[in-house]
Amino acid sequence: MKSINLSKKSIAIVGCGFVADYYLKTISLHPELDLVGVMDRNSDRATRFAKYHSLPHVYSSLDELLGDPKIDIVLNLTNPNSHYSISKVCLEAGKHIYSEKPLAMEMSQAEELVNLAEQRGLYLSSAPCSLLSETAQTVWKALRENKIGKVRLVYAEMDDGLVHQMRYKTWLSESGIPWPYKDEFEVGCTLEHAGYYVTWLTAFFGPAETVTAFSSCLIPDKQTDVSLDVNAPDFSVACIKFASGVVARLTCSIVAPHDHSLRIIGDGGVLGIHDSWYYGAPVYIRRSLNIGRKRLEGIWKQNYPLVKKSPRFGYRGAQQMDFCRGVAEMASAIVQDRPCRLSARFSLHNNEIVLAIQNAQETGCPYKMTSSFEPIEPMTWAQ
Ligand SMILES: NC(=O)c1ccc[n+]([C@@H]2O[C@H](COP(=O)([O-])OP(=O)(O)OC[C@H]3O[C@@H](n4cnc5c(N)ncnc54)[C@H](O)[C@@H]3O)[C@@H](O)[C@H]2O)c1
């Protein structure tokens, strides 16, 4: 009789697109994950993907995949608009789900998925998993060690520059899949990227109490060769107030120049990093000095050593992330019969924050100004 390795979990991928290649680039770092097959509604894609990565099996349909008793965890790497429906049928079929972000496009859908997972005793997690990175874990440790005193404020930026002016049609994944620009523009940078910091902030500072946000589509005509059906926000800014008292300002855009920095401001200094998309990004602490009557802001910069070195991920790209680390965390939680660090309730809370920011333009209560003034002339010497 063939022995079953109980420390391994069998996984299958639904959605063999741009991001799936990145998962394949780091799966070898996690020998506890056994990829048994893939599926895509575009069967040519699935076949090409499986051939490129020498994968054992291509499922001809979702039903066939769900009927395979070997599969423990399904990786839902479909487009955001398919996340809910795919995750739902997988949970109904008794599979654990690791979903790409967002968990769902509507809060009611996300709640339904979490309730379903809980009723069935299944694990459900949503990407991103960068909270498990060496950098995020180091920042968290510095906070626990009170390195910057009481934290008051956080500035987190997820700006990516004028993406629609970039040569995005040349962006191909390793196996040659084009970056899905229509979908990316229609979903918008907030739903795509806010989670990279929201997940850190909720882990570090606990649940959020309120989200006061503004979101807007500043460039409705992105001059693509396809017409966009949705003018998703390409800029958003939110102030998130945590029950613990910390306030975070989070900005997301594909308008302002690239800036993925994080600054956590405490009474005793600023704890920061330059980019959350690098699992091994250095962590620093900046302290201010009072000299005479002057305060020299942040002049004293110290590196705070990473808790451990980040491995090399063997790919080139705008990021260096171990996409499979969250799946591996789920697999080991199942094996050890313990809660997953990226739990369903944690994912739901983060999804709620991100949706609140994304939808702020419809649901927010912007203060309507009542005063105005006539245009001012520039100085004559500047005209
Ligand atoms: N593009 C990136 O750089 C990037 C990075 C990190 C995370 N993500 C996330 O990964 C997910 C996928 O993005 P992508 O860039 O790979 O998109 P993509 O369009 O390249 O690939 C998605 C794939 O899912 C398939 N699919 C969609 N609905 C399906 C369904 N109902 N059944 C079966 N297959 C279905 C599509 O045919 C496609 O091949 C998104 O949630 C996105 O937010 C993308």
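A compact table of results
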read-out: Anisotropy class of region 64-172 from Cα gyration tensor, a/c 1.5 cut; value: oblate
read-out: In Hz, Karplus ³J(HN,Hα) per residue of region 131-142 (6.51, -1.76, 1.60; θ = phi - 60°; x = Gly, Pro); value: 4, 8, 6, 4, 5, 5, 5, 6, 4, 4, 5, 4
read-out: Other-chain or far-sequence residues with amide H under 5 Å of T210's (modelled H); value: K241
read-out: Selection of trypsin sites (Lys or Arg not before Pro), region 252-288, meeting DSSP coil and at most 14 other Cβ within 10 Å; value: none
read-out: Exposed chymotrypsin sites (Phe, Trp or Tyr not before Pro) absent - longest run of the chain, DSSP non-H/G/I/E/B, at most 11 other C-beta within 10 Å; value: 1-366
read-out: Pairs from K9/K182; K8/K88; K101/K141; K294/K368; K95/K182; K25/K222 whose Cα-Cα separation, in the structure shown, is over 28 Å; value: K9/K182; K294/K368; K95/K182; K25/K222
read-out: Share, in percent, of DSSP beta bridges within region 113-253 that are antiparallel, nearest 5; value: 70
read-out: Partner aspartates and glutamates for K51 [C-alpha distance under 15 Å; skip if fewer than 8 residues away on the same chain]; value: D21, D40, E174
read-out: Expected 222 nm ellipticity per residue - DSSP helices of 4 or more, -39500 (n - 2.57), all of the chain, to 500; value: -9000 deg cm²/dmol
read-out: Length-normalised contact order of the chain in % [C-alpha pairs under 8 Å, at least 6 apart]; value: 20
read-out: Kirkwood Rh in Å, taken over the chain so that all alpha-carbon pairs contribute; value: 22.3
read-out: Estimated FRET transfer efficiency when R0 is 25 angstrom, pair D44-E111 (beta carbons, to 0.05); value: 0.10
read-out: Vicinal HN-Hα couplings computed from phi for region 89-94 (Karplus, 6.51 cos²θ - 1.76 cosθ + 1.60; Hz; Gly/Pro x); value: 5, 5, 5, 4, 8, x
read-out: Tensor-based shape of region 222-307 (alpha-carbon gyration tensor, a/c under 1.5 rounded, otherwise prolate or oblate); value: prolate
read-out: Share of Cα-Cα pairs in region 9-126 lying beyond 22 Å, as whole percent; value: 28
read-out: ³J(HN,Hα), Karplus 6.51/-1.76/1.60, whole Hz, each residue of region 104-113, x for Gly, Pro; value: 7, 7, 10, 4, 4, 5, 5, 4, 4, 5
read-out: Antiparallel bridge percentage (DSSP; both residues within the chain; nearest 5); value: 60
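Bear in mind that the values in this text are calculations on the coordinates, not laboratory data. Everything quoted here is computed from the prediction, not taken from an experiment. With ideal geometry, Cβ positions are generated from the backbone for all residues, glycine too; neighbour counts draw on all protein chains shown.
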